[in-house]
């Protein structure tokens, strides 16, 4: 009886009998790394939701300012703890806008909202919870405002200046 039958095999057959080649291991690790990176990229990030919500609000508010300039009619944005909406001035009162670009929206779920500026109280909110900022036919805002959004340790602030300038700042 032969105690070591593998010693008689050629070197190539002996390597296959003992396990995987280095190239096979590297290919398997590469495939696992690709799958792991795809899974990480697919995970939701509450900070990006908050940032997108703030940028969407800033863009729509800029569109409201532009609408006020183009139509020579006041356009307002009403901001509250749950979301925001737009109105135009006409026929003796505030009415929903005709423009498709002026669609209101809700803040991302779980978002805390505080406001600062001329009408804000010490706790950062406005009487009644909603605040109206009006853009006139020159694109000037009725007041300065800072709308601060926070959610799960992430922050975003949209600032509206009296000259109609709208800026978005994001934190962690």
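Looking at region 47-102, the strands (runs of 3 or more DSSP E) lying wholly inside it that each contain 2 or more residues that are more than 17 Å from the chain's Cα centre (by Cα) and at pLDDT 90 or above sit at 75-79, 83-90.
Scanning region 75-107 for residues that are crowded, with 17+ Cβ neighbours inside 10 Å, touching a residue at least 40 places away in the same chain (Cβ under 8 Å) and in contact with a helix residue (DSSP H, G or I) (Cβ under 7 Å, 6 or more places away or on another chain) yields a total of 4.
Within region 154-171, being part of a loop (DSSP other than H, G, I, E, B) and crowded, with 17+ Cβ neighbours inside 10 Å holds for one residue alone: 164. For residue 44, the stated conditions do not hold, so it cannot be described as at pLDDT below 90, touching a strand residue (DSSP E or B) at 6+ places or on another chain (Cβ under 6 Å) and closer than 30 Å to residue 108 by Cβ. Kindly provide the set of residues from region 128-141 that are in contact (Cβ under 8 Å) with a residue 60 or more places away in the chain and farther than 15 Å from residue 85 by Cβ, ordered by number. Across region 128-141, the qualifying residues are 136, 137, 138, 139, 141.
The values are calculated or read from the model by the stated rules, or taken from the named source; none is laboratory data. Since this is a predicted model, take the numbers as computed values, not measurements. Virtual Cβ from ideal backbone geometry, glycine too; neighbours counted across all protein chains shown.
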